[in-house]
Every structure is written in structure tokens, then in C-alpha cells.
Amino acid sequence: MAPSDAPKLDATDLRILDLLQRNARTSNAEIARELDMAPSAILERIRKLETRGVIAGYEARLSPKAVGLGLAAFVFVRAEETGTGTETGKLLAQIPEVQEVHQVAGEDCYLLRLRARDTDDLARLLNERLKSIRTIRGTRTTIVLGTLKETARLALGESVGEPAPAAARSAGKRAR
């Protein structure tokens with residue numbers, strides 16, 4: 001979706017989205033109290049945001065270490081593509097350990113983010129799963145030693161000099 005095709009969101013939509021990004025289990029009643037609106041109005045807005053594709057879904061964030069997938073890696077993939085140029089990417093996206101597949105510009109064709117149990121598991125994934133895809137011509141792997149920030153949250157309404165919805169909300173409360 002091009003930026004000009006993006007659905008129009010008002011300040012209330014952005015505040016609802018900000019609250020849901022912080023905690024998707026926040027009830028309509030809690031959001032309604034926070035925004036001083038009726039719960040039914042919040043429910044209607046959330047349903048519209050879902051229908052318009054602004055809210056793409058809800059999922060639990062798991063601790064990778066807690067489920068035995070403590071090793072994170074980024075893999076650059078060079079591929080020989082034909083036709084639409086995304087056949088390899090579609091195959092890569094089917095590998096369960098691969099969390100993200102990005103088509104990129106430059107020397108490489110794809111950038112993957114994946115999780116594995118350990119380096120042996122990563123080696124098996126690279127040598128068996130990735131190398132079995134005929135169109136892959138090469139890979140470069142970077143293993144993550146530590147993560148300083150990892151989030152799926154989007155900075156809504158932030159630009160130079162414009163506070164994020166939460167900051168604007170707290171600033172407004174202080175001014176009252």
C-alpha cells in the first residue's frame with residue numbers, strides 16, 4: 001500500500017492504536033475510560049480499523065529463550081530469479097524458523113531474520129533447508145550476540161517536533 005493509499009487515521013484512531021500496541025489485551029472499557037468515550041464507540045472504531053486492514057491481527061509475543069530458540073540470525077540471500085522475481089522469497093517464507101523475509105536492493109536479493117536453538121540448529125537450517133532451494137546462489141549469515149531493542153510497535157504520528165500519541169496525551173493531562 002503506497003503512503004497515499006493509506007487509510008486516513010484521526011487522533012482518536014492513533015490513540016486507540018497506540019494503546020493496543022502497548023497491550024493488545026486492553027479491554028474496550030479500559031480504552032474508553034482512557035479516551036473518555038463510550039465502550040461501544042471504541043468497539044466500532046476497532047472493528048473499522050480491523051476491516052480496513054489497519055489492525056492486521058493480534059498475537060502473543062513469546063520469549064525466544066523461554067521456548068528454546070535463543071539464537072537469532074540475519075541471513076542475506078543471493079538468488080537467481082526468473083519471472084516475477086519472488087519465487088525464492090515465497091519458498092523462504094515457508095520455512096518455519098524464518099520469521100521475516102524481505103526483498104532488498106543491492107548485491108543480495110533477500111534478507112531473512114530467523115531463530116534457531118543453537119549454532120548446530122542454525123547450520124542444519126542453512127545447509128539443509130536453504131541450500132535445498134535450487135535458485136539460491138549464496139548466503140551470508142550474521143549471528144546476533146545481543147539485542148538492544150526488538151519491537152513490532154510502530155511510532156505513530158511521530159515526526160520532527162511532533163510527539164507520539166502517548167507523549168501528547170500526558171502533556172495534555174499536565175496542562176489541564
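Looking at Thr84, Thr88 in this structure, which one is in contact (Cβ under 8 Å) with a residue 12 or more places away in the chain and among the β-branched types (Val, Ile, Thr)?
Only one candidate qualifies: Thr88.
In the range 27-146, which strands (runs of 3 or more DSSP E) lie fully inside it and hold 1 or more residues that are among the small types (Gly, Ala, Ser) and within 21 Å of the chain's Cα centre (by Cα)?
Where strands (runs of 3 or more DSSP E) fall fully within the range 27-146 and carry at least 1 residues being among the small types (Gly, Ala, Ser) and within 21 Å of the chain's Cα centre (by Cα), they are 71-79, 110-116.
List the residue pairs whose Cβ atoms are under 6 Å apart, where the first residue sits in the range 95-111 and is touching a residue at least 12 places away in the same chain (Cβ under 8 Å) and in the same structural domain as Thr135 (by TED's automatic domain parsing), the second is of a type in the set (Val, Ile, Thr) and outside any strand (DSSP E or B), and the two are 6 or more positions apart or on different chains.
Partner pairs satisfying both residue conditions: Leu111/Val104.
I'd like to check something: does the range 151-168 contain any residue that is modelled with pLDDT of 95 or more and surrounded by 11 or more Cβ atoms within 10 Å (Cβ to Cβ)?
No - not one qualifying residue is present in the range 151-168.
Every residue in the range 110-131 that is over 24 Å from Val67 (Cβ atoms) and at pLDDT 95 or above, please. Can you show your working first?
Narrowing the range 110-131 to residues over 24 Å from Val67 (Cβ atoms): 110, 131.
Passing the criteria: only Tyr110.
Of everything in the range 13-67, what is closer than 19 Å to Leu156 by Cα, aliphatic (A, V, I, L, M) and without any contact (Cβ under 8 Å) to a residue 12 or more places away in the chain? Give them in sequence order.
Ala56, the sole residue that qualifies.
Mind listing just one residue for me: the one in the range 105-118 that is touching a strand residue (DSSP E or B) at 6+ places or on another chain (Cβ under 8 Å) and more than 13 Å from Phe74 (Cα to Cα) and, of those, surrounded by the fewest Cβ atoms within 10 Å (Cβ to Cβ)?
Glu107
The values are calculated or read from the model by the stated rules, or taken from the named source; none is laboratory data. The shown structure was predicted, so the numbers you read here are calculated from the model rather than taken from an experiment. Backbone-built Cβ (ideal geometry, glycine too); neighbour counts: all protein chains shown.
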